[in-house]
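Quick notes on the structure that follows.
The values are calculated or read from the model by the stated rules, or taken from the named source; none is laboratory data. Only a predicted model underlies this, so the values are computations on that prediction, with no experimental measurement involved. Cβ placement follows ideal geometry from the backbone for every residue including glycine, while neighbour counts extend to all protein chains displayed.
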Amino acid sequence: MAVFPPGFPTTIPSPDRGVWYLGPIPIRAYALCIIAGIVVAVTWGERRLLARGGRPGTVLDVAVYAVPFGLVGGRLYHVATDWRTYFGPGGNAIDALKIWNGGLGIWGAIALGAVGAWIGCRRLGLPLPLFADAVAPGVVVAQAIGRLGNYFNQELYGGPTTLPWGLE
């Protein structure tokens, strides 16, 4: 067992809040993490696509399709995997539309985001494999950045641990 000096933080404390207010407008850390991930993916993907001979602005043009499709897919996946909350006893189906109350699933976001990217690539005459090769590293990093939002929401910690770097 490791011995730490007094006052040494042996755990990572959870944030006390994941939302700040700009007047009446809530600014959610989860949303900021998702947006930061999108910016990183688009910026990095753009650089990689340009290095492969692509036109400037192409990744952003495809993202106009991929991002909304991904958000819808993420919500659909959440609703499908937690359907009792919305359609079960005591549920309210209209709540399935209230995305601001939380609930996105990465697998749905990836699936429909890929469909959106395919549509964007077809409209631009860009081969999907070329595009996917350019954006893949950025998408993986974007997912990791977005996952930090779960930390602010105090969710998806994993299993209990007694390790010194465990979350409280």
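Here are the numbers for this structure:
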item: Residue that is basic (K, R) and either closer than 18 Å to I110 by Cα or in contact with an Asp or Glu (Cβ under 7 Å, 6 or more places away or on another chain) (or both), where the choices are R75, R48; result: R75
item: Single residue of Y21, Y30 found to be more than 16 Å from P137 (Cβ to Cβ), surrounded by fewer than 17 Cβ atoms within 10 Å (Cβ to Cβ) and modelled with pLDDT of 85 or more; result: Y21
item: Qualifying residues in the range 132-168 (those that are more than 26 Å from L32 (Cβ to Cβ) and hydrophobic (A, V, I, L, M, F, W, C)) - the one surrounded by the most Cβ atoms within 10 Å (Cβ to Cβ); result: A132
item: Conditions (1) assigned to a helix (DSSP H, G or I); (2) within 22 Å of L76 (Cα to Cα): number failed by L156; result: (1)
item: Filtered residue count, the range 133-168, keeping only those that are touching a Leu at 6+ places or on another chain (Cβ under 6 Å) and closer than 28 Å to T43 by Cα; result: 2
item: Failed condition for G88, given (1) over 21 Å from V19 (Cβ atoms); (2) in contact with a helix residue (DSSP H, G or I) (Cβ under 6 Å, 6 or more places away or on another chain); result: (2)
item: Filter result (surrounded by fewer than 17 Cβ atoms within 10 Å (Cβ to Cβ) and either among the polar types (S, T, N, Q) or in a helix (DSSP H, G or I) (or both)) within the range 62-90; result: V64, P68, A80, T81, W83, R84, T85, F87
item: Condition broken by G53, with the remaining ones in (1) in a loop (DSSP other than H, G, I, E, B); (2) of a type in the set (G, A, S); (3) surrounded by 15 or more Cβ atoms within 10 Å (Cβ to Cβ) satisfied; result: (3)
